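A.B. asks: Have a look at this one before I ask anything.
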Amino acid sequence: MFTRTRPQDAKKSVSEMVSLAKGDPISIEWIAIGIYKLFLANDMRSSQVENRFWNRVSKTDRCWNWIGATNRYGYGKMMIDGRRELVHRISWRLAKHREPRNCVLHHCDNRRCVRPDHLFEGTKSDNALDRHSKHRDAVGVRHGRYTKPERTARGVAITRSKLDEEKVKFIRDNYQTIRPYKIAKLLGINYTCVYKINKGETWKHVGV
Ligand SMILES: [Zn+2]
């Protein structure tokens, strides 16, 4: 290694410059000690994370329940290095010593549970099937169509739609005076469509 500062060394990092200035080259031992300290710090940190995790778990005969913060879906959450992580995934990782490759699902259907033998790894479709078999799909007022109505395409937002709001209003205004099948023919749509629009079964968002 270098023992003397040369012009091309000006671009080197501060620590390298310091060691060059001291005439003390960076040795293999220093690198080894650095790596060892890094591992030690990492180990300390992961044991702190483990402590923080287990301090918020209350074990019962069946489930081990998370008593810390939860997200709006009822799953336990914890901050690690500024990242929000789901605690059942942390538990799975601690038990298996590796990152879950897929979703981590609950056998016990208890979202707060972190007991490793109540958890299993599955794909997103497994998750959907599991949720469906347990009748936990979001339906009614919990369904996305209600919670986030702006995400459902309606009326003219559906690009293949043959109608627009004006035509819908036309159908509703003239249903009594023009025969429905004539309206259908005029607009190039099915009779049933006309009937449903008039009844307010479809195109509900355009005032009936
Ligand atoms: Zn459980």
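A.B. asks: Taking into account only those residues within the range 55-114 that are part of a strand (DSSP E or B) and among the polar types (S, T, N, Q), which is nearest to the ligand (Cβ to nearest atom)?
C.D. replies: Selected residue: N65.
A.B. asks: Would you pick out the residues in the range 70-92 that are touching a helix residue (DSSP H, G or I) at 6+ places or on another chain (Cβ under 8 Å) and either of a type outside the set (S, T, N, Q) or outside the structural domain of P116 (by TED's automatic domain parsing) (or both)?
C.D. replies: Within the range 70-92, Y75, G76, K77, M78, I80, V87, I90, W92 meet the criteria.
A.B. asks: What number of residues within the range 88-139 satisfy the criterion of being of a type in the set (D, E, K, R) and modelled with pLDDT under 85?
C.D. replies: So the answer is 7.
A.B. asks: Return the pairs, sorted by first residue and then second, in which the second residue is part of a loop (DSSP other than H, G, I, E, B), the first residue lies in the range 139-163 and is over 19 Å from V194 (Cα atoms), the beta carbons are less than 6 Å apart, and the residues are 6+ apart or on different chains.
C.D. replies: Sorted first by the residue in the range 139-163, then by its partner, the pairs are R145/T152.
A.B. asks: Which of the residues that make up the range 174-208 are more than 26 Å from P149 (Cβ to Cβ) and not in a loop (DSSP other than H, G, I, E, B)?
C.D. replies: Within the range 174-208, N174, P180, Y181, K182, I183, A184, K185, L186, L187, Y191 qualify.
A.B. asks: Working only within the range 130-173, note down all residues that are surrounded by fewer than 13 Cβ atoms within 10 Å (Cβ to Cβ), in a loop (DSSP other than H, G, I, E, B) and of a type in the set (S, T, Y).
C.D. replies: T159
A.B. asks: Which count do you get for residues in the range 115-127 that are away from the ligand (no atom under 12 Å from the Cβ) and more than 14 Å from the chain's Cα centre (by Cα)?
C.D. replies: 4
A.B. asks: What pairs come up if the first residue lies in the range 41-63 and is within 16 Å of L94 (Cα to Cα), the second is assigned to a helix (DSSP H, G or I) and within 16 Å of the ligand (Cβ to nearest atom), and their beta carbons are under 8 Å apart, counting only those six or more places apart or on different chains?
C.D. replies: Cβ pairs passing all conditions: V49/I90; E50/L94; F53/V87; F53/I90; F53/S91; F53/L94; R56/V87.
A.B. asks: Applying the selection to the range 95-114, what residues are under 17 Å from the mean Cα position of the chain (by Cα) and of a type in the set (D, E)?
C.D. replies: Within the range 95-114, just E99 meets the criteria.
The values are calculated or read from the model by the stated rules, or taken from the named source; none is laboratory data. What you see is a predicted model, and the numbers here were worked out from it, not measured in a lab. All Cβ positions, glycine included, derive from the backbone under ideal geometry; neighbour counts span all protein chains shown.
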